[in-house]
Amino acid sequence: MHFGTTLQQGIRSRIGVLTALALLTGLSTAVTPIAQAEPIDPYCGHKVVGDIEKRFTEMKGRTGPLGCPLTDELVNPDGVGRRTQFEHGTIYWSPRSGAWPVWGEIGEYWCSDGCERGPMGYPTSYEHEVGNEIQQRFQCAVIHWKRVSDTATKTWRDNICV
């Protein structure tokens, strides 16, 4: 049980007891409700807003694959897009591409070439399986990831912009 919930229950029970006592003793006292405590933050102490929040909640929030946010919303170095970093990845947003998560070896490959400022641009899809590999689309590339043995993987891209 969270402290905020316990506090709210305690306040409600005290108001109930005062009202019952007033009724039993015939007193005509007005009971002024005490302000409710702020609700407990569902995002681990960080603000997740806008389209990034929509994508995050669509992915089951902090109980989903991204985990808790580690930052509030940040302005990307390009000055246009936004991002929120989570325990297991980052959701990137731009007005042209929307909000999409990037993580793992695909995320590492993308950022090794400049993340959103690089030639591949912003993500435009989730990772998805195609045959025996994982792919993710970006504005100007498709990044592929494939396990080639028990201990080795391969990551590469196909450019889709000229």
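For the reader, a short list of remarks on this structure follows.
- Using a probe of 1.4 angstrom and keeping all protein chains present, the accessible surface of the range 35-155 works out to 55 square angstrom per residue.
- Where 96, 137 fall by accessible area, highest first, once all protein chains stay in place (1.4 Å): 96, 137
- Solvent-free Debye calculation, one equal scatterer per alpha-carbon of the range 39-162: log10 I(q)/I(0) at 0.12, 0.18, 0.19 Å⁻¹ equals -0.45, -0.94, -1.03.
- Straight-distance candidates among the lysines for linking to residue 47, with alpha-carbon spacing under 17 Å and chain neighbours fewer than 8 residues away dropped: 60.
- Efficiency of FRET between residue 108 and residue 44 - r from beta-carbon atoms, R0 25 angstrom, step 0.05: 0.55
- The lysines whose alpha-carbon is closer than 23 Å to the alpha-carbon of residue 154, local same-chain residues fewer than 8 away aside, are 146.
The values are calculated or read from the model by the stated rules, or taken from the named source; none is laboratory data. Being a predicted model, the structure only gives us computed values, none of them experimental. In this analysis, Cβ positions are derived from the backbone assuming ideal geometry, glycine residues included, and neighbour counts consider all displayed protein chains. Side chains included, ligands, DNA and RNA excluded: accessible areas come from the protein's heavy atoms. Shrake-Rupley method; radii C 1.70, N 1.55, O 1.52, S 1.80 Å.
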